[in-house]
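The values are calculated or read from the model by the stated rules, or taken from the named source; none is laboratory data. Just so it is clear, the structure is predicted and the values come from calculations on it, not from any experiment. Backbone-built Cβ (ideal geometry, glycine too); neighbour counts: all protein chains shown.
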Amino acid sequence: MLCIGDWMLTAYGNAVENWTKAGETMASISKEPNGRRTIQFCGADGKRRSIRLGKVSQKTAEAVKVRIEHLAAAAETRHALDGETARWVARLGDDLAGKLARAGLIPERESATLGDFLQTYIESRIDVKPASRVILRHVKRNLIDFLGAGRKLRSITSADAEDFRLHLVGEGLAASTIAKRLQRARQMFAAMKRRKLIEENPFAEVKHHEGNPAERQRFIDRDQTAKLLDAAPGWIWRSIIALCRYGGLRCPSEVLSLRWCDVDWERSRLRVVSPKTEHHAGKASRVVPIFPELRPYLEEAWDAAEEGQEHVVPTRYRDAAQGPEGWRNCNLRTQFERIIRRAGLEPWPRLFHNLRASCETELAQRHPVHVVTAWLGNTPRVALRHYLQVTESDFAIAVQNPVQATHDSAQTVQNPVQPTAATTRQETTEPQGTLGVRFDVAGCGENRPESLVVRAEPSSKFQKRQAETRRLSRISQPRGGVRSRSPRVMQLESLICHA
């Protein structure tokens, strides 16, 4: 049986053969006096049609003629194009593609410009958060500023994409911002490819190094946190700081979304609603322990809350943070910087993120990483790259009491096996040479294994010969108890005596 591909090729060959037998020339090239060339062919309806190529070489006209023959045969048999011809059609310019479409050889090509497509694309993305739509608009602005709103989509090449990356570098954007915008541009052009507007994604291989996240990380220790809490102007800001630093909540979205009905005082747990991850399956909310460090500030907020207050942080902060473009800091950053300076500290990068990262770093020192990431609402991969940090306490623990650590290590080398009871300790009686190494074996009795007997390495040639003599003597001793020396033993004894 023929496969589908073979059957299609056979049908195409039959169509060509039928056309030839009928005396028809599938396509021909005519040259006008002014040097312009035209390809003529017979369409599926039997009518003669012409494709004017203009002033092109005979070689180019022959190549186009072959493709037109393939297109005409596919139209006659109503079968799909072969892969090579399909790729040729996809690479065609709009002018020749329009002529082929008017001749009935290919469908009408949708002519789209960069500005029109990007506008339609962003409006159609109803599945993204408002803040993500803001980022898409930033990418649109960058692309139009560099390539132009009227640029034809098929004319954008991989060289243009690489030049766009360098344009973003010249704008002075951070490495992480450039990487993110290139990622969004790659997504946009992938959508163009899915809609058959372009053949290849020019941004497929254009990437930018994100930089080192550790450069923007800061660990806020307990002493610094205490200073921040003392400098806070009231219970509201103490609650915000404590929820970020001791609860690991995202600010502002999770902090301002926490309601009193989500606080389980009896079981010491919080149900945290996460607007950032709610569109992921199973990530709309998570349960976080009310850690001992966090509880006093929650209790203070409870005592200070007004009657009927729904959210832990008063609703006016939430209303100010929610706008048409999603969550905003509603001036939290500016006020928090004042608190930081009032506490005698210098503001650090990513103010609220590093409070949350400091919380996760401490938790990871006491709990498994899968538990910590479940509480914080991220993944181990994200936590290792963007949250977990090496702290000063890690270094302090590593070098704690180095003299005692060295002494303990030496004792371990001298006594590799410790006795389980002093009364049952039994020491080896085998001579130990000059190193003075002793080995304690507990509870072995007369049946202690030979592998547990430690023999020191002799320190001189004479002692080596003595040890070899004793070993060979034991081997050569018969079961009856009468010692018979082998020639090798006698030779060694002679050497010892003359040494």
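Among the residues of the range 96-126, those identified as among the hydroxyl-bearing types (Ser, Thr, Tyr) and either over 30 Å from ASP45 (Cα atoms) or surrounded by 15 or more Cβ atoms within 10 Å (Cβ to Cβ) (or both) are THR113, THR120, TYR121, SER124.
Condition first: within 19 Å of SER268 (Cβ to Cβ) and either within 20 Å of the chain's Cα centre (by Cα) or in a helix (DSSP H, G or I) (or both). Now tell me which residues in the range 361-382 satisfy that.
First, the residues of the range 361-382 that are within 19 Å of SER268 (Cβ to Cβ): 362-363, 366-367, 371-372, 374-377.
Within the range 361-382, GLU362, LEU363, VAL371, VAL372, ALA374, TRP375, LEU376, GLY377 meet the criteria.
The single condition among (1) surrounded by 13 or more Cβ atoms within 10 Å (Cβ to Cβ); (2) charged (D, E, K, R); (3) modelled with pLDDT under 95 that ASP163 does not meet is (3).
Could you say which residue among ILE106, ILE29, ILE51, ILE122 is at pLDDT 85 or above, among the aliphatic types (A, V, I, L, M) and out of contact with any Ser or Thr (no Cβ under 8 Å at 6 or more places or on another chain)? Reasoning before the result, please.
Working: ILE106 fails: at pLDDT 85 or above; ILE29 fails: out of contact with any Ser or Thr (no Cβ under 8 Å at 6 or more places or on another chain); ILE51 fails: out of contact with any Ser or Thr (no Cβ under 8 Å at 6 or more places or on another chain).
Going through ILE106, ILE29, ILE51, ILE122 in turn, just one is at pLDDT 85 or above, among the aliphatic types (A, V, I, L, M) and out of contact with any Ser or Thr (no Cβ under 8 Å at 6 or more places or on another chain): ILE122.
Residues in the range 339-359 that are loosely packed, with under 14 Cβ neighbours inside 10 Å and in a helix (DSSP H, G or I): ARG341 alone.
Restricting the search to helices (runs of 4 or more DSSP H) fully inside the range 198-306 and requiring at least 1 residues that are in the same structural domain as TRP375 (by TED's automatic domain parsing) and touching a strand residue (DSSP E or B) at 6+ places or on another chain (Cβ under 6 Å) gives 253-257. Filtering the range 199-217 to residues that are in contact (Cβ under 8 Å) with a residue 60 or more places away in the chain and buried (at least 18 other Cβ atoms within 10 Å of the Cβ) leaves only GLN217. Residues in the range 23-72 that are assigned to a strand (DSSP E or B), over 13 Å from LEU100 (Cβ atoms) and polar (S, T, N, Q): SER28, SER30, THR38, GLN40.
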